[in-house]
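Notes for the one structure printed next.
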Amino acid sequence: MERKIYHGKIKPVDIAQALLGEFNQGNMRAQTLGQSDKMIVQVGTRPDAASGGQTAMTVTIQKLEDGIMVEIGQQAWLGVAASLGMSALAALRNPFSLLGRLDDIAQDIENLQISERIWQIITQTVQTAGASMELSDKLKRLTCEYCHAANPVGEASCIACGAPLGKAQPTTCRNCGYVVRPSDKTCPNCKQVL
Ligand SMILES: [Zn+2]
Ligand SMILES: [Zn+2]
C-alpha cells in the first residue's frame, strides 16, 4: 500500500472526479463509493473488456485538517498474468500466433501501468488545485512550549513570549508529504531517508 499526503485546498471529491474522468472509458471502468470526507475509487477493467486479463485497484482518499491523504491498495490481478502467460506460451509454439494476441498484449501492458497513471492524475489534480506535499500556510503554525501561543513556521522565537522555537520546526517528507519532526532520520510513513 502506498500513501501520500497533500497539504492545501484540495478535497477528496476533486481527486475522485479526476480519476472517474480518466478511467471511465474504453476497456476501463471506475466507480466511487463513500462521500465528502472519505471517498473510495475503484479502478479496473470492464468485466466485458474485449482484450487482456482483468485487473482492479482501490484508491482511498481521506480528508485531513488541511488537505487529503491518498492511499492506493495492492493491485488485484484477475487474469492479467494468465493472459500474458498465454501470449508467451503461444509465441514459443508459433511466433506468428502473437499477431492474433496483439490487442491482449497491449491491454495487459496498459493494465500493468494503472497505478503509475493513477498517481499521475492525482499529481496533476493536486497541482491544479494549488496544493502540494509542502506544509500549507494554514498548518504552518507552531505552538510555543512555554506560553502556548501559535507561531508561524520559520519564526526563530515565540512572537508572544520570545522563547526560542528553532528546534520545534516541523517539515514534510519530500517523497510522500508526511509531516515529520526535525529529529526524524527516516520518514515514519514511507521510510524515505530525510
Ligand atoms: Zn511563547
Ligand atoms: Zn515519506
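Some notes on this structure:
- Lys pairs under 13 Å by Cα in the chain, provided they are eight or more residues apart or on distinct chains: 7
- Separation of alpha-carbon centers, region 44-93 and region 140-183, rounded to whole Å: 42 Å
- Taking the Cα atoms of region 2-129, the ratio Rg/Rh between the radius of gyration and the Kirkwood radius comes to 1.09.
- Note, ³J(HN,Hα) from phi for region 189-194, Karplus 6.51, -1.76, 1.60, rounded to Hz, x at Gly and Pro: 8, 10, 6, 5, 6, 8
- At the listed q of 0.14, 0.19, 0.21 Å⁻¹, the Debye profile of region 41-194, built from one uniform point per Cα, gives log10 I(q)/I(0) equal to -0.83, -1.14, -1.25.
Readers should treat all values here as calculations from the given coordinates under stated rules, not as data from a laboratory. Predicted model, so just to flag it, every value in this text is computed and none were measured.
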